[in-house]
Amino acid sequence: MNLFKAVAIARINVVRLLRDRSGLFFIFVFPLMLVLVLGLSFGGGFAPRVGVVATDSGDLGEELVEALGGEPGEWEIQRYDDADDLRAAVRSGQLGAGLILPAGYDRRLRAGEPTTIELITPPQDTAFSIRGAVEAAVAGQATLARAAQFVSEQTDVPVSDAFETATQVQAEVPPIGVAVTSTGEAPIPASLSGFGLGAQSQLILFMFVTSMSAAGQLILSRQLGVSSRMVSTPTTLGTILVGEALGRFGIAMLQGIFIVAATALAFGVSWGDPLATAAIVILFAAVGAGAAMLVGAVARNAEQANGVGVFAGLGIAALGGAMAPPEIFPPIMDAISRITPHRWAIDGLRELAAGGGIVDALPQLGVLAAFATVLIGLATWRLRVALTR
Amino acid sequence: MRAALLIAAKDLRERLRDRTALIVAVIAPFGLAAILGTVIPSGDGSLDLRYAIADADGSPVSTAFLEGPLAGLSDAGIAEITPVDGADAARAAVDDDEADAAFLIPAGFGEASRGTAAAEIELITRADASIAGQIGQSVAEQFAAELDAVRLSVVAAVAAGGVPPDPDEIARLASSAAEASSEPPPIVVEVASTEVAEVDSRTYYAASMAIFFLFFTASFGPLSLLNERRQGTLARLVAAPIHPWAIVLGKSLGSFILGIVATGVLVVASTLILGARWGDPFGVAVLVLAAVTAASGITGLVTTLARTEQQADGLNSIVAVTLAVLGGTFIPLSQAPEILGQIGLITPHAWFLDGLDELAVPASGIGAVLLPTGVLLLIGLVTGAIGLVRARRLVVTR
């Protein structure tokens, strides 16, 4: 085998891809666009949004809103000035629920007048959790109002003074409370907030799809007779095969390195241990190269290869957790997703982002290496047949 | 007109023979919708929570918690409450996924809550069952706040009265404070359930994949014009006694029909096989027609901007995926910041999905989709008109 020739064949493959302007968009622009939109949409976590109208509702109104948004990661509070806007946002699904505090909420509570808060929720059961949180926060404030009412009835002190007394006393008496202890691990670790989740999934999705889209090139070379001519030159079949494989591998690597570097620089994504990240990217690029060569060897025409390759690539990505995070998959799909190399690569990246090193990702690296070996082996065998036919 | 129809029919026949068209128009969108619909939990909005409770107290107070708020959860049909024996059993139940969360009421809780000592209900939650944790916490906090109100009433009354507390007096205060807690609450939370104009997730994925791939399906016609030019068959068509408009119309009509048929097949197949609910058939039909018009118009215009088939194909793909991302077909815009939602309104994708969201409101009909339909038609007619004029020039100059 002539390594020099193999590299030349590989190089021309990469150059052909880079000459295609629209191809550049899909390699360099589109993945970042998706990471950006994903990060903007889900980067703040998956907390439901609660809209609040609290105009002129005073200190106690503010306190209530704070109490609601206080539990970290529970509800994301969004302010609205207009109750109708709020209703429209709940209706369109932008808000999980809407809360309208009456004007003068603070004054009415201190004066011992009954007050009504309006909570607008979707009809689903899931709204129950928001309703519960609102009722709990309200109950905390109602405690003071009840005590003030009681004191005023018992001692003839005006309700507003009694409210002050109750507020002072509340600080001194130990409360009856709830102590929450959490066990287990959150399905989506906090280390993946921001743009991390999207960057990991898009890396895997695009490396594979780009490899697949390069499968068509191989068929075109075969159809145009370029491959046969290469075989007729004093170049061994082995050299040609290595060159073609290296070409695919180079294309996948180019995109992989770009996405990792660009998301780290532009969006501050922390990938974790660089060596182990490189190992996953390299092995996954080999998997993509193998799959692309196999399709290129088996498919009959370039359009077929491109069509089937890209759409199969998207389908496998969806199945393997590179579109929606596998953490939210139902158990059966979670098991099925493990037949895809995507799932193993994503699991490996998750390990690293959580602070793990190359040792922690060894199982995933092993599975990816096996995928790569089998795919490249099969592809070499089929391509050898296709080229010499 | 006959010539246009003949050209359209010939193009359609050619498309249907080529399996790539079938893959792009029907199989790929259906397959992706099916996969995404299965891997992402449908979230039909019903809750089925499991709580364990270990009551080590056994006082009237803890019994009130069990028979009040907890019984309320199970009566509402959202939770199943299982009493367990002791804190360890409760923890084990949560760890072994037999319960989503567990309440522990420590011994002496009832006694402590009547005096002024600190008292706590413990709640053990599991991080991957966060809704159960949130609801459990709310329920316990609400119960604790009611106990707190009684305690605070007594202490505040003593403080306000300025008299040294006398045990009999305190007992009297406590019992009337406890009575007062059954009075109507000072703050009432009025829950108004609203309809939500949003399709369920299965329908969302079917619809978003349908509109996404529609932009590839619709590009077949305009692309074939460039193909015929390259192969020289366009020059022959022009040489025949056919009006240039007939050629352009025929080319557009072919992919227009293919787009309608493919989307129609997707609507029916996703309804029957994937359980999608598209809403009022008449409204859906009008919306699909308008969406195909918009997709045909845009792809027609984009294609005529390019010189070669490859260029046009690349440009079309770029426009299609960019509009799709901005229009919320991969990532629902309801999750995105408001600004992205507003940007989305420049895309036909967002209007199509908006229209379907409106149709998800029970008993809504064609009236609900008039605005989205109008916008889609406007986009289609404006871009389509420019595209047709440019395509005619392309035909005339070959």
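Read the figures in this text as sums done on the coordinates, not as results from a lab. Please read these numbers as outputs of a predicted model, since none were measured by experiment. Here the Cβ positions follow ideal geometry from the backbone for every residue, glycine too, while neighbour counts run over all protein chains shown.
Values for this structure:
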{"item": "Residue with peak Gaussian network fluctuation, chain B [Cα springs, cutoff 10 Å], from B:149, B:28, B:218", "result": "B:149"}
{"item": "Euclidean distance of C-alpha centroids, segment A:19-53 and segment B:1-78, integer Å", "result": "23"}
{"item": "Crossing angle, helix A:302-319 versus chain A [Cα axis fit, 0-90 degrees, rounded to tens]", "result": "30"}
{"item": "Highest-fluctuation residue, A:356, A:184, A:58 considered, GNM on chain A with Cα pairs under 10 Å", "result": "A:184"}
{"item": "Sequence-separation-based contact order of chain A, relative, with Cα cut under 8 Å and 6+ spacing, percent", "result": "20"}
{"item": "Antiparallel bridges, percent of DSSP beta bridges restricted to chain A (to nearest 5)", "result": "25"}
{"item": "Space enclosed by the convex hull of the alpha-carbon atoms of chain A, per residue, Å³", "result": "175"}
{"item": "Residue list for segment B:308-350, given a label point 7 angstrom along the Cα-to-Cβ vector of residue B:238 and an amide N cut-off under 17 Å", "result": "B:308-309"}
{"item": "Packing rank of B:362-373, A:335-346, where each peptide gets the mean count of other beta carbons within 10 Å, highest leading", "result": "A:335-346, B:362-373"}
{"item": "Of all DSSP beta bridges in segment B:49-180, antiparallel share, percent nearest 5", "result": "30"}
{"item": "Residue-averaged beta-carbon neighbours from other chains (10 angstrom radius) around A:12-21", "result": "1"}
{"item": "Neighbour-count ranking [beta-carbon atoms within 10 angstrom, fewest first] of B:183, A:153", "result": "B:183, A:153"}
{"item": "Kirkwood hydrodynamic radius of the protein assembly as shown, Cα pairs, Å", "result": "29.9"}
{"item": "Most to least packed among A:161-173, B:127-139 [average Cβ atoms within 10 Å]", "result": "B:127-139, A:161-173"}
{"item": "Shielding by other protein chains, B:72-82, mean Cβ within 10 Å", "result": "1"}
{"item": "Radius of gyration, Dmax [segment B:165-286; alpha carbons; angstrom]", "result": "33.2, 113"}
{"item": "Neighbour-limited loop hits for trypsin sites (Lys or Arg not before Pro), segment B:217-288 (at most 15 other Cβ within 10 Å; DSSP other than H, G, I, E, B)", "result": "B:277"}
{"item": "Selected from B:286, B:154, B:248 as most flexible by GNM, with chain B as the system and alpha-carbon contacts under 10 Å", "result": "B:154"}
{"item": "Phi to ³J(HN,Hα) by Karplus 6.51 cos²θ - 1.76 cosθ + 1.60 over segment A:98-115, Hz, x for Gly, Pro", "result": "x, 10, 10, 8, x, 5, x, 4, 4, 4, 5, 4, 5, 8, x, 8, x, 10"}
{"item": "Under DSSP loop assignment and at most 15 Cβ neighbours within 10 Å, longest GluC sites (Glu not before Pro)-free interval of chain B", "result": "B:196-398"}
{"item": "Computed Kirkwood radius, in angstrom, where 1/r is averaged over Cα pairs of segment A:49-172", "result": "15.2"}
{"item": "Beta bridges by DSSP in segment A:1-160, antiparallel share as percent, to the nearest 5", "result": "25"}
{"item": "For segment B:326-397 versus segment A:334-376, the gap between their alpha-carbon centres in whole angstrom", "result": "40"}
{"item": "Helix B:130-161 axis, angle to chain B major axis (alpha carbon atoms, nearest 10°)", "result": "40"}
{"item": "Spherically averaged projected area of chain B from its Cα convex hull (nm²)", "result": "26.5"}
{"item": "Once the Cα gyration tensor of segment B:49-180 is diagonalised, semi-axes √(5λ) in Å", "result": "33, 14, 12"}
{"item": "Relative contact order, percent, segment A:49-172 [alpha-carbon distance under 8 Å, six or more residues apart]", "result": "25"}
{"item": "For residue A:99, distant residues with modelled amide H under 5 Å away", "result": "A:51, A:52, A:53, A:120"}
{"item": "On Cα atoms only, tilt of A:196-213 relative to the major axis of chain A in degrees", "result": "30"}
{"item": "Amide hydrogen neighbours beyond the local backbone of residue B:82, cut-off 5 Å, H modeled", "result": "B:51, B:52, B:53"}
{"item": "Theoretical FRET efficiency, 1/(1+(r/R0)^6), r = Cβ-Cβ of residue A:62 and residue B:88, R0 41 Å, to 0.05", "result": "0.45"}
{"item": "Gained length - residue A:182 relative to residue A:373, 0.36 nm times residue gap less alpha-carbon distance", "result": "64.5 nm"}
